[in-house]
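Q: One structure, as C-alpha cells, below. Some questions next.
The values are calculated or read from the model by the stated rules, or taken from the named source; none is laboratory data. Everything numeric in this text was worked out from a predicted model, so none of it was measured. Cβ coordinates were reconstructed from backbone atoms using ideal geometry, including for glycine residues, and neighbour counts include every protein chain displayed.
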Amino acid sequence: MEGQQIADPHLMAEQTRARTGFWRRQFAPSATRPQVLFDIIFGVVGPILCFVFDPLVFRNGFGGPALLSDYRNFVYLFSGLQIALLCFWLLTGSGPQVWNKLIGGMFIR
C-alpha cells in the first residue's frame with residue numbers, strides 16, 4: 001500500500017510543486033497557464049479597461065477638465081504599442097529568438 005502511494009504521479013507532482021519556491025516557478029523556462037492568464041488580465045485587459053472607464057485623468061468626467069489631457073494621444077499610442085508587444089510575446093513564446101530580445105528592451109522603457 002505504501003509503495004503505491006509513493007509511486008502515484010499526482011501525489012509526486014503535488015509534492016514537487018509544494019517544494020519549489022515562488023520565484024523559482026516564476027522564472028522557470030516554461031510558463032504555466034495561471035501565469036499567462038495573469039499576464040493577459042493585468043497586461044492587456046486591465047489597461048484597456050482603465051482607459052475606457054477613465055473619468056478624470058485623460059477625459060472630462062467629474063465636471064472639470066481632465067488632468068493630463070495634453071498627453072492623452074502619446075499615452076494611448078505608447079500603451080497600445082506596449083499591449084501589442086505583450087500580445088506578440090505571449091503568442092510567440094519565450095526563447096532565444098532575436099525579436100524577444102528586442103521586445104524585452106522595449107518593455108524596459
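Q: Determine which member of the set PHE53, PHE58, PHE78 is at pLDDT 90 or above, over 17 Å from the mean Cα position of the chain (by Cα) and aromatic (Phe, Trp, Tyr).
A: PHE53 is the lone residue from the list that is at pLDDT 90 or above, over 17 Å from the mean Cα position of the chain (by Cα) and aromatic (Phe, Trp, Tyr).
Q: For the stretch 56-81, how many residues are of a type in the set (Phe, Trp, Tyr) and surrounded by 11 or more Cβ atoms within 10 Å (Cβ to Cβ)?
A: 4
Q: If you go through the stretch 51-69 one residue at a time, how many are touching a helix residue (DSSP H, G or I) at 6+ places or on another chain (Cβ under 9 Å) and either part of a helix (DSSP H, G or I) or of a type outside the set (A, V, I, L, M) (or both)?
A: Adding up the residues that qualify gives 4.
Q: Check every one of the helices (runs of 4 or more DSSP H) wholly within the stretch 1-40 and list those with 1 or more residues that are modelled with pLDDT of 75 or more and surrounded by fewer than 11 Cβ atoms within 10 Å (Cβ to Cβ).
A: Correct list: 22-26, 33-40.
Q: Which residue pairs have Cβ atoms under 6 Å apart, sit 6 or more places apart or on different chains, and have a first residue in the stretch 60-89 that is of a type in the set (A, V, I, L, M, F, W, C) and a second that is surrounded by 10 or more Cβ atoms within 10 Å (Cβ to Cβ) and in a helix (DSSP H, G or I)?
A: Short answer, once both residue conditions are applied: ILE83/VAL44; LEU85/ILE103; LEU85/MET106; LEU86/GLY43; TRP89/ILE103.
Q: Which condition does ARG72 not pass, out of (1) more than 25 Å from the chain's Cα centre (by Cα); (2) among the charged types (D, E, K, R); (3) part of a helix (DSSP H, G or I), if it passes all the others?
A: With (1) more than 25 Å from the chain's Cα centre (by Cα); (2) among the charged types (D, E, K, R); (3) part of a helix (DSSP H, G or I) applied to ARG72, the lone miss is (1).
Q: Would you confirm whether or not the stretch 78-85 contains a residue that is among the polar types (S, T, N, Q) and more than 30 Å from ARG25 (Cβ to Cβ)?
A: The answer is no; no qualifying residue exists.
Q: Okay, moving on. Hey, any hits in the stretch 86-93 for a residue that's outside any helix (DSSP H, G or I) and modelled with pLDDT under 80?
A: Yes, the stretch 86-93 contains at least one residue that is outside any helix (DSSP H, G or I) and modelled with pLDDT under 80.
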